[in-house]
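**Q** First the structure, which I've put down as structure tokens, then a few questions once you've had a look.
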Amino acid sequence: MKRVSLLFIVPAIVFSSCQSGNTEQAAEETHVVIIDSSYGESFDKKGAITVSQFNEQMAGKDSLDNIIVEGDLSEVCQAMGCWVKLKNESGEDIFVKMRGHDFFVPKDVAGKHVFLKGTGIREVTTVEELQHYAEDAGESEEAIAAITEPKEELKIDASGVIIEHVQE
């Protein structure tokens with residue numbers, strides 16, 4: 001009776017170990033996981049518009065409420081993570097401020113893909129603010145001193161941010 005049991009158990013173990021090895025190899029070749037990290041207000045990223053679409057929708061407007069924009073980060077505030085810049089293929093990167101300093105993002109997320117919920121605004125940024133942001137970005141004293149004019153720009157006042165992290 002013991003011999004009969006071993007005849008069934010040994011092949012089952014061998015078959016099982018061969019099968020799991022193949023599964024792991026296949027998983028290694030195709031396994032990609034996207035992990036979302038959320039900051040600020042929670043929101044659903046469905047229906048997000050691209051940075052180009054944001055530019056088009058802001059044409060001739062001073063503000064655009066309740067938008068969700070997706071894109072890649074080009075820069076992050078190195079002092080606190082209280083602002084980021086969104087890559088803009090159509091011109092100057094879009095400045096994104098975390099609404100009311102109620103939340104911050106990690107300082108090492110430049111280059112990551114994000115979804116931002118908030119209000120799009122067109123406003124003039126003062127020289128003092130521009131210099132402050134340049135200081136936060138780690139610019140040199142000379143670069144900060146060279147900022148002498150206010151600038152009209154598109155911005156997003158973000159109430160929430162989702163950062164995608166791809167894990168392979």
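Every number here is computed from the coordinates shown, using simple stated rules; none is lab data. As the structure is a prediction and not an experimental result, all values here were calculated from the model. Backbone-built Cβ (ideal geometry, glycine too); neighbour counts: all protein chains shown.
**Q** Starting from 0.36 nm per residue, how many nanometres of slack lie between Asn66 and Val124 once their C-alpha separation is accounted for?
**A** In short, 18.8 nm is gained.
**Q** On to the next question. Along segment 48-65, what does the Karplus equation 6.51 cos²θ - 1.76 cosθ + 1.60 (θ = phi - 60°) give for ³J(HN,Hα), rounded to whole Hz, x for Gly and Pro?
**A** Karplus values, whole Hz, x for Gly and Pro: 5, 9, 7, 4, 4, 5, 4, 4, 4, 5, 7, 4, x, 10, 8, 7, 8, 7.
**Q** Once the other residues with Cβ under 11 Å from the Cβ of Asp93 are scored (Lys, Arg +1; Asp, Glu -1), what is the net sum?
**A** Here the count lands on -2.
**Q** Given R₀ = 25 Å, FRET efficiency for Ser90-Asp44 by Cβ-Cβ distance, to 0.05?
**A** Efficiency, rounded to the nearest 0.05: 0.45.
**Q** Once the piece of chain linking Asp102 and Ala137 is laid out straight, how much longer is it, given 0.36 nm per residue of separation minus the C-alpha distance between them?
**A** So the extension gain works out to 10.6 nm.
**Q** Past 23 Å, Cα to Cα, is the threshold; run Lys45/Lys87; Lys46/Lys107; Lys61/Lys107; Lys112/Lys151; Lys107/Lys151 against it and keep the listed order.
**A** Cα-Cα > 23 Å for Lys46/Lys107; Lys61/Lys107; Lys112/Lys151; Lys107/Lys151; rest within.
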